[in-house]
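Structure, as structure tokens:
The values are calculated or read from the model by the stated rules, or taken from the named source; none is laboratory data. Since the model is a prediction, treat every value here as computed from it, not as a measurement. Cβ atoms come from the backbone with ideal geometry, glycine included; neighbour counts cover every protein chain shown. Ligands, DNA and RNA are stripped out before the accessible areas are found, and what is left, the full protein with its side chains, is counted by its heavy atoms. Shrake-Rupley method; radii C 1.70, N 1.55, O 1.52, S 1.80 Å.
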Amino acid sequence: MRIVIDPAFKVGEVDDRLFGSFVEHMGRAVYGGIYEPTHPSATADGFRGDVLALVREMGVSLVRYPGGNFVSAYDWEDGVGPERPTRLDLAWHSIEPNTFGTDEFLRWAAVAGIEPLLAVNLGTRGIDAARALLEYVNAPRGTKWADMRPRDEPYGVKLWCLGNEMDGPWQVGQKTAVEYGRLAAETGKAMKWVDPSIELCVVGSSNSSMPTFGSWEDTVLDLTWEIADHISLHTYYDPAKFEDVDAYLRCSQDLDRMIDTVVATADAVAGRKRSRKRIGISVDEWNVWHQTANPHHVGHDGPFKHAPALAEDEHTVADALVVGCLLITLLRHADRVRIGCLAQLVNVIPPIRTSNGGPAWRQTTFHPFAHAARFGHGTVLRVELAGDEVEATAVRDGDGVTVFAVNRSAGTTPLDLVVRDLDLTVTEHLVLDGELGASNTAEHPDRVTPRRVAGAELPPRSWNVLRLT
Ligand code: AHR
């Protein structure tokens, strides 16, 4: 396969916020995931040190919090201050002790060196709760909510999501596009009056199969045009929903079409409004998800439990290849996709898994993410591909170029890399491959791990990072 790279064919600059992730109050993402005060590696704040080390190694730049479906019935005041009431969480049929809340998360993010992205509840609440939370987090001392903050300095959180998946019947407080758009517009207006420096993400469709996909974005952007900076896009791929592994490995084509559709819709709204504004795409939930094989719901009729094991999928080599294709797709749209959140970070649909009191380990999907977060900075260059057996993109950083490629085919594919105007050769080639069903476990945490190879041949069914210097 021939790939021609020309430094003049620029797609766009990679926004570092593309390499984000997501921590929701769901299952063992928080309790037993990032936070476990009794764990041998716990910091004085109760954060798991082993998880912090893996999060840093993974190169996560941003984390969205606290949900997800959880946020749509969340009273943020329960999670701050000395009184922490225990509540029923309807999203995940769980018991929420509120031991971990906004301040704990923002402290964790600072220790991890990660930019926080906070979501506000537009399911059961609205303008007042959102502006109070923003005042608590970002306003200088001297007013009611800012004075309740445990530290003098404002946190200065820049990015905020106005609700979550409000088109979904599974959401507490589901809304029509008009209901949501009006509430988001007024909430966003008040929030920007509290702090004009923030950026706001309005809610897009929950996935491309939603009956309102496209029209939802059109209506919501029409109503929120003045305050929206980004629109969210969510997508998960369940291997059991594809007829075979080849179809599963091509699922990133759905994400590609989704991004094109949302960009076209946003630009059509801009055209109607005679506006030059260009809305960013915030892919703030994306991943593989074994929903069929590993049902995540505990049901809405059994007993409520604290931190039940939900969506603790064991990721395979096939999943890692899909995650690689999805990362390449995000990079190929670097001109419009500014934010990305691999959903989620720990234990829930996880690149990192833990056992309570025990070890933490990297899943197969950890590796392509870590490679992209490490080497995927700079300018994305256009790569034209013949056929769909190989998915690839190229990123130029300084004098070097990194090519990320997934070989979907069952055969070895020699790569003929032609780089115009730059004197570059392949100096490093990292590969992740193996038996498609292989995975890492607590007992075998490094069964699937990247290896270095010589040359530019793409092994069968493999994730590849080629560094040209
Ligand atoms: O990430 C798990 C869930 O998936 C989130 O809570 C929700 O937004 C989505 O449906």
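Using the Cβ atoms and a cut-off under 11 Å, what net charge is assigned to the surroundings of Leu424, where Lys and Arg are +1 and Asp and Glu are -1? Mind showing how you got there, number by number?
Working: positive: Arg396, Arg420, Arg467; negative: Asp399, Asp421, Asp423.
Here the count lands on 0.
Highest mean first, how do 352-359, 251-258 rank when packing is the count of other Cβ atoms within 10 Å averaged over residues?
Values: 352-359: 16.8, 251-258: 18.8.
My ranking of the peptides, most packed first, is 251-258, 352-359.
In segment 311-469, what is the volume of the convex hull around the alpha carbon atoms, normalised per residue and reported in Å³? Mind dumping the intermediate values first?
On the way: hull volume 19.0 nm³, N = 159.
Considering the Cα atoms of segment 311-469, their hull volume per residue is 119 Å³.
Between rounded, prolate and oblate, where does segment 103-147 land on the alpha carbon gyration tensor, with a ≥ b ≥ c its root eigenvalues, rounded for a/c under 1.5, else prolate if a/b exceeds b/c?
Here segment 103-147 falls in the oblate category.
Hey, could you pull the Cα Rg and Dmax for segment 1-109, both in Å?
When restricted to the Cα atoms of segment 1-109, Rg and Dmax are 18.3, 63 Å.
Report the convex hull volume per residue for segment 297-372, counting only C-alpha atoms, in Å³.
121 Å³
Would you work out what percent of the accessible area of segment 180-257, with all protein chains in place, is carbon or sulfur (probe 1.4 Å)? Please list the in-between numbers first.
Working: 1490 of 3010 Å².
After summing per-atom areas, the C and S share lands at 50 percent.
How high is the relative contact order of the chain, in percent, counting Cα pairs under 8 Å that sit 6 or more residues apart? Before the final figure, lay out each step's value.
Values: 1102 pairs, mean separation 94.6, N = 469.
Value for the chain: 20 percent.
Which angle from 0 to 90°, rounded to the nearest 10, does the C-alpha axis of helix 317-332 make with the longest principal axis of the chain?
In the chain, helix 317-332 runs at an angle near 80 degrees to the longest axis.
For segment 156-307, just the Cα atoms, rotate onto the principal axes and tell me the three extents in Å, largest first.
Cα extents, longest axis first: 46, 39, 30 Å.
So what's segment 106-246 giving for Cα Rg divided by 2.2 N^0.38 Å, two decimals?
Numbers: Rg = 17.0 Å, N = 141, 2.2 N^0.38 = 14.4 Å.
For segment 106-246, the normalised Cα radius of gyration comes out at 1.18.
Where Rh denotes the Kirkwood radius from the mean inverse Cα pair distance, what is Rg over Rh for segment 201-276? Numbers along the way, then the final one.
Values: Rg = 14.3 Å, Rh = 13.5 Å.
Radius of gyration relative to Kirkwood radius: 1.07.
Relative to the longest principal axis of the C-alpha atoms of the chain, give the angle of the C-alpha long axis of helix 127-138, reported between 0 and 90° and rounded to the nearest 10°.
Value to nearest ten degrees: 70.
In the chain, if the dipole is taken from +1 on Lys/Arg beta carbons and -1 on Asp/Glu beta carbons about the Cα centre, which of Gly46, Ile127, Ala264 is farthest to the positive end?
Final value for the positive-end residue is Ile127.
Which pairs break 28 Å Cα to Cα here: Lys175/Lys277; Lys241/Lys277; Lys10/Lys192; Lys144/Lys192; Lys144/Lys175; Lys175/Lys273? Working shown, then result.
Working: Lys175/Lys277 26 Å; Lys241/Lys277 38 Å; Lys10/Lys192 33 Å; Lys144/Lys192 18 Å; Lys144/Lys175 31 Å; Lys175/Lys273 24 Å.
Those over the limit are Lys241/Lys277; Lys10/Lys192; Lys144/Lys175.
Restricting things to alpha carbons, find the Rg to Rh ratio for segment 76-176 using the Kirkwood radius for Rh. Please list the in-between numbers first.
Values: Rg = 14.3 Å, Rh = 14.8 Å.
My calculation puts Rg/Rh at 0.97.
So if we plug the beta-carbon distance of Asp421 and Arg182 into 1/(1 + (r/R0)^6) with R0 = 56 Å, what FRET efficiency do we get, rounded to 0.05?
Result of the calculation: an efficiency of 0.60.
Can you give me the Cα centroid spacing of segment 115-168 and segment 319-386 in angstrom?
28 Å
How large is ³J(HN,Hα) for each residue in segment 37-50, as worked out from phi by the Karplus curve 6.51 cos²θ - 1.76 cosθ + 1.60 (θ = phi - 60°), to whole Hz, x for Gly and Pro?
x, 8, 5, x, 8, 5, 7, 4, 7, x, 7, 5, x, 5
By per-residue mean of other Cβ atoms within 10 Å, what is the highest-first order of 64-74, 272-282, 176-186, 81-91?
Details: 64-74: 25.9, 272-282: 15.8, 176-186: 19.0, 81-91: 13.6.
Packing order, densest peptide first, comes out as 64-74, 176-186, 272-282, 81-91.
Quick one: with all protein chains in place, what share of the accessible area of segment 1-74 is carbon or sulfur, to the nearest percent (1.4 Å probe)? All intermediate terms of the calculation are to be shown ahead of the outcome.
Values: 1210 of 2260 Å².
Answer for segment 1-74 is 54 percent, counting heavy atoms of protein chains only.
For segment 237-388, take the convex hull of the Cα atoms, compute a quarter of its surface area, and give me that in nm², please.
Numbers: hull surface 50.9 nm².
For the Cα atoms of segment 237-388, the hull's average projected area reads 12.7 nm².
Amide H to amide H, which residues 5 or more places from Leu381 or on other chains are under 5 Å from it, using H placed in the peptide plane?
For Leu381, whose amide H was placed from the backbone, the distant partners under 5 Å are Val11, Ala394, Val395, Arg396.
Give, in whole angstrom and from largest to smallest, the semi-axes √(5λ) of the equivalent ellipsoid of segment 285-328, with λ running over the eigenvalues of the Cα gyration tensor.
Numbers: eigenvalues 149, 19, 15 Å².
Rounded to whole Å, the semi-axes are 27, 10, 9.
Could you tell me, in Å, what Rg and Dmax come out for the Cα atoms of segment 35-86?
Rg then Dmax for segment 35-86, in Å: 13.9, 35.
Counting other C-beta atoms within 10 Å, and keeping those with at most 16, which DSSP coil GluC sites (Glu not before Pro) do you find in segment 369-469? The partial results should precede the final answer.
Details: sites: Glu384, Glu389, Glu391, Glu428, Glu435, Glu443, Glu457; in loops: Glu384, Glu389, Glu435, Glu443.
When the GluC sites (Glu not before Pro) of segment 369-469 are filtered for loop state and at most 16 Cβ neighbours within 10 Å, Glu384, Glu435, Glu443 remain.
Dividing the Cα convex hull volume of the chain by residue count, how many Å³ per residue is that? It would help to have the intermediate numbers written out before the result.
Numbers: hull volume 67.6 nm³, N = 469.
So the per-residue hull volume is 144 Å³.
For the chain, report the accessible area per residue in Å² (1.4 Å probe, heavy atoms, rounded to an integer).
Details: 17550 Å² over 469 residues.
Result: 37 Å² per residue.
Suppose we keep just the DSSP beta bridges with both residues in the chain; what percent of those would be antiparallel, to 5?
Values: 41 of 79 bridges.
Bridges in the chain that DSSP calls antiparallel: roughly 50 percent.
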